[in-house]
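A quick write-up on the structure given underneath.
Bear in mind these aren't lab numbers, they're just calculated from the coordinates by the rules spelled out. No experiment lies behind these values; they were computed from the predicted model shown. Cβ atoms come from the backbone with ideal geometry, glycine included; neighbour counts cover every protein chain shown.
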Amino acid sequence: MYEQLNDFFQRPSPFSKYTVKELWTRPHLSRQMLNHHLDQSSDLASWKLSSIERVVDWIDSQFELTNNNLCDLGCGPGLYATRFAKKGAKVTGVDFPSHSIEYARSQSNGAKSANNYLIADYLTDELPKPFDIVTLIFCDYCALSPLQRRTLLSRIFEMLAPDGHLVMDVLAANALKQKTEKTIIEEKLMNGFWAETDYIGIQHSFVYPESRLSLDRYLIIEPNETWEILNWLQHFSLPGIESKLKQAGFEITKVAAALTGEALTTDSDVIGIIARKK
Ligand SMILES: C[S@@+](CC[C@H](N)C(=O)[O-])C[C@H]1O[C@@H](n2cnc3c(N)ncnc32)[C@H](O)[C@@H]1O
């Protein structure tokens, strides 16, 4: 126990462990995540529906979605995909938790065109193509290691038709100011979010200011199992994300504060980006 706890409190080197798949696909967690996606009092897994509607309207105003072939990577329960389809786009949603995809499939009525949902890992599984638009929403790019980010951008580049567009958001450097180093130890940490059984949860948060990186590390101690989840979040300056996109063959055509279209300022916590495949 001493060794496990001692290791848990050490500052890990950036992105030395990847637990995103576990976070979204452990059966209890994936049910909890679906509840959070749909919960209108929480922004934990998705923005609230009022913001989602504004994002979809803004993207539609940029592209006129009708008849565009659009792929929503990390589509979750299809909150965006369903609405893109109602605007007339032909939508493919990709995600790995089956609970979310089943929910998304159940929500297709009212769409102008049928949605296609795939249970797949967008970093490793074969994905269809070509698309006019690929979306990656809710700052999912920020949870990836530098190598995974390069892999994902090059896969998106391959998925896009000539002149196709990537629409994504990332955490801005300003949002790192809200992060502090802290430790929380609680029985049933986060009201039973982590496990069905009794458990003790420890959250230890790290900030790496020089790398614009934060980590929320969770140790979940159940009667019969102890396991951990690491939530890495990379924050970006505009020139920083611009240069990564350029290296991957993209040219930014629009920048906003989030994907709702307001002007980006130094106080913005999120950068919304539209980038064209060159
Ligand atoms: C924060 S949620 C956002 C979901 C959705 N974009 C929204 O805003 O409602 C991130 C989603 O990305 C999915 N995801 C993360 N990594 C993935 C991967 N490698 N392949 C497929 N889906 C992934 C998760 O399962 C989760 O549903």
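Considering amide H positions built from the backbone, and no H for Pro or chain starts, which residues 5 or more places from Leu118, or on another chain, come under 5 Å of its amide H?
Gly93, Val94, Asp95
Assuming 0.890 mPa s and 25 °C, estimate D for the chain with Stokes-Einstein, Rh taken as the Kirkwood radius over Cα pairs, in µm²/s.
Calculated translational D: 126 µm²/s.
Quick one: 3J(HN,Hα) in Hz for region 144-153, Karplus 6.51/-1.76/1.60 with θ = phi - 60°, rounded, Gly and Pro as x.
Calculated HN-Hα couplings, in order: 9, 6, x, 5, 5, 5, 5, 4, 5, 4 Hz.
Find how much the distance from Thr151 to Lys177 grows on full extension, using 0.36 nm per residue of separation minus their present alpha carbon separation; answer in nm with one decimal.
Full-extension gain reported as 6.5 nm.
D for region 1-124, whole µm²/s, Stokes-Einstein with Kirkwood Rh over alpha-carbon pairs at 25 °C and 0.890 mPa s: what number?
153 µm²/s
Using the 2.2 N^0.38 Å rule of thumb for compact globular proteins, work out how region 37-103 stacks up: its C-alpha Rg over that value, please. Please report the intermediate quantities before stating the final value.
Values: Rg = 11.8 Å, N = 67, 2.2 N^0.38 = 10.9 Å.
My calculation over the Cα atoms of region 37-103 gives 1.09.
For Phe236, list long-range residues whose amide hydrogen, built 1.01 Å from N in the peptide plane, is under 5 Å from its own amide hydrogen.
Distant-sequence amide H within range of Phe236: Leu171, Ala172, Ala173.
Suppose only helical runs count, i.e. DSSP H with n ≥ 4. What mean residue ellipticity at 222 nm does that imply for the chain under -39500 (n - 2.57) per run, divided by all residues and rounded to the nearest 500 deg cm²/dmol?
Working: 9 runs with 85 residues, N = 278.
Taken over the chain, the calculation gives -9000 deg cm²/dmol.
Could you compute the FRET efficiency for Arg54 and Glu3, with r as their C-beta to C-beta distance and R0 at 51 Å, rounded to 0.05?
So the FRET efficiency works out to roughly 0.55.
Please work out the FRET efficiency for the pair Lys188 and Asp267, using the Cβ-Cβ distance as r and a Förster radius of 41 Å; give the result to the nearest 0.05.
Details: r = 36 Å, r/R0 = 0.88.
After rounding, the FRET efficiency stands at 0.70.
Quote the Stokes-Einstein diffusion coefficient, in whole µm² s⁻¹, for region 180-266, based on the Kirkwood radius over alpha carbon pairs, a temperature of 25 °C and a viscosity of 0.890 mPa s.
Roughly 154 µm²/s, to the nearest whole number.
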